[in-house]
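The values are calculated or read from the model by the stated rules, or taken from the named source; none is laboratory data. Bear in mind that the values here come from a model prediction, so they are computed numbers and not experimental data. Cβ placement follows ideal geometry from the backbone for every residue including glycine, while neighbour counts extend to all protein chains displayed. Only protein heavy atoms, including side chains, enter the accessible area calculation; ligands, DNA and RNA are left aside. Shrake-Rupley method; radii C 1.70, N 1.55, O 1.52, S 1.80 Å.
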Amino acid sequence: MKIKNANDGALTNFEVLSFLQSRGASKEVAATVAPSEYKVFQYLVDTAVDKQTKESVSDLLGKVKKYDLAKAEVLNIINLRPTSAVGIYTIVEKCDARLGEEGAQDLADIVAEVSPPPEEPRSEEGLPQANDV
Amino acid sequence: MFNLSLIEHTLRLPPHLLSLSLDKAVKHDLEKLFLDKVIANLGLCVSVYDIRKIDGGFIFPGDGAPTYTVECRLLVFRPFVGEIIDAKLKEFDKDGLRLSMGFFDDIYIPFHLLPYPSRFEPDSENGNRFRWIWEYQANGENEDDQTSATVYPIDEIGETIRFRVQSVNYPSIPLEQPKDSKPFAPMVITVSSFSNYVWCPLLQLCFSILFS
């Protein structure tokens with residue numbers, strides 16, 4: 001076996017999910033895909049990408065162009081869809097220097113506006129199971 | 001997280017598959033060969049994305065099956081360094097945590113990459129077991145101020161942790177393994193749940209999101 005091109009293109013989770021769905025993976029029916037592929041499908045379906053559409057992804061891509069982000073950062077944003085400035089801070093390196101706090105908040109607002117919101121994790125406002133020392 | 005990789009492979013198509021159409025037979029054989037296997041420096045192969053070219057079909061002397069040279073693209077799972085991923089806690093011990101994504105289980109957070117300060121101590125609720133505790137100081141600068149520390153136990157198996165990929169290693173296959181050791185992991189992802197920037201004014205929210 002010869003590796004001709006180890007990196008022929010990065011795929012967003014959304015693209016992988018649609019590929020697996022086109023091969024016949026779905027939640028209800030016993031899948032026509034291999035068990036390992038089905039496990040990947042199960043993992044992806046539980047994340048936020050289930051509700052994305054092709055239009056929302058290309059829309060998001062167009063809107064973040066002006067922020068001059070690295071490809072990896074854009075990929076992370078599309079996969080995770082941070083709707084708060086904090087999420088942007090964790091993804092973008094040297095966020096303070098490049099975007100500043102307002103830039104990060106703007107970016108988060110764009111993400112929130114373009115893509116449907118992910119399902120809320122247990123609680124974002126309150127901190128779960130915190131015992132005071 | 002996922003990449004496409006173009007590979008070229010010489011495939012010997014067993015005769016019992018010759019009744020199928022050529023591309024179906026080749027795909028079937030490729031899947032049997034590559035699916036759910038780790039290829040060094042490429043990643044975990046998830047699926048055969050498409051087949052670009054099938055050449056050849058010669059039957060070598062002394063062989064009963066045709067040999068094809070196939071060029072195809074594989075969908076591989078290979079997170080890049082710095083990527084942020086969610087995974088579930090699978091198990092933990094004094095060296096750190098182990099996380100699982102369902103299709104991939106060898107994700108480790110060594111103890112020095114857990115959020116600081118964390119410690120491994122006897123479980124107050126559960127008698128014999130040990131568990132990891134993360135003690136978060138609400139005000140980062142004031143380290144003497146113990147009164148505002150909140151304690152987060154990290155012990156719920158199946159809880160989702162968001163982490164940043166630190167490195168992806170492909171250890172070489174060992175020649176011999178002692179009997180009771182863990183099964184060999186051909187691809188190991190080391191991750192940290194610790195965010196690099198500590199000067200962000202939104203630190204508290206950041207940690208709660210990183211740890212939700």
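The order of the peptides A:85-94, B:94-103 by mean Cβ neighbours within 10 Å, most packed first, is A:85-94, B:94-103. Peptide packing: for B:59-68, A:70-79, the average count of neighbouring Cβ atoms within 10 Å per residue gives the ranking A:70-79, B:59-68, highest mean first. Equivalent ellipsoid of segment A:53-114: semi-axes from √(5λ) of the C-alpha gyration tensor, largest first, are 17, 12, 10 Å. How many Cβ atoms of partner chains, on average, are near each residue of B:105-112 if near means within 10 Å of its Cβ? Taking all residues of B:105-112 together, the mean is 0. Partner shielding of B:31-37 amounts to 3, given as the average count of beta-carbon atoms from other chains within 10 Å of each residue beta-carbon. Each principal axis of segment B:2-77 carries a Cα extent, and these read 39, 21, 19 Å when sorted largest first. When accessible surface is computed with a 1.4 Å probe, chains A and B are found to bury approximately 4400 Å² between them, both chains counted.
Descending by average beta-carbon neighbour count within 10 Å, the peptides B:129-135, A:13-19 line up as A:13-19, B:129-135, the highest first.
Using a cut-off of 29 Å between Cα atoms, the listed pairs A:K63/B:K88; A:K39/A:K65; A:K4/A:K66; A:K54/B:K27; B:K24/B:K90 include A:K63/B:K88; A:K39/A:K65; A:K4/A:K66; B:K24/B:K90 as exceeding that distance.
Averaged over peptide A:84-91, the number of partner chain Cβ atoms lying within 10 Å of each residue's Cβ comes to 6.
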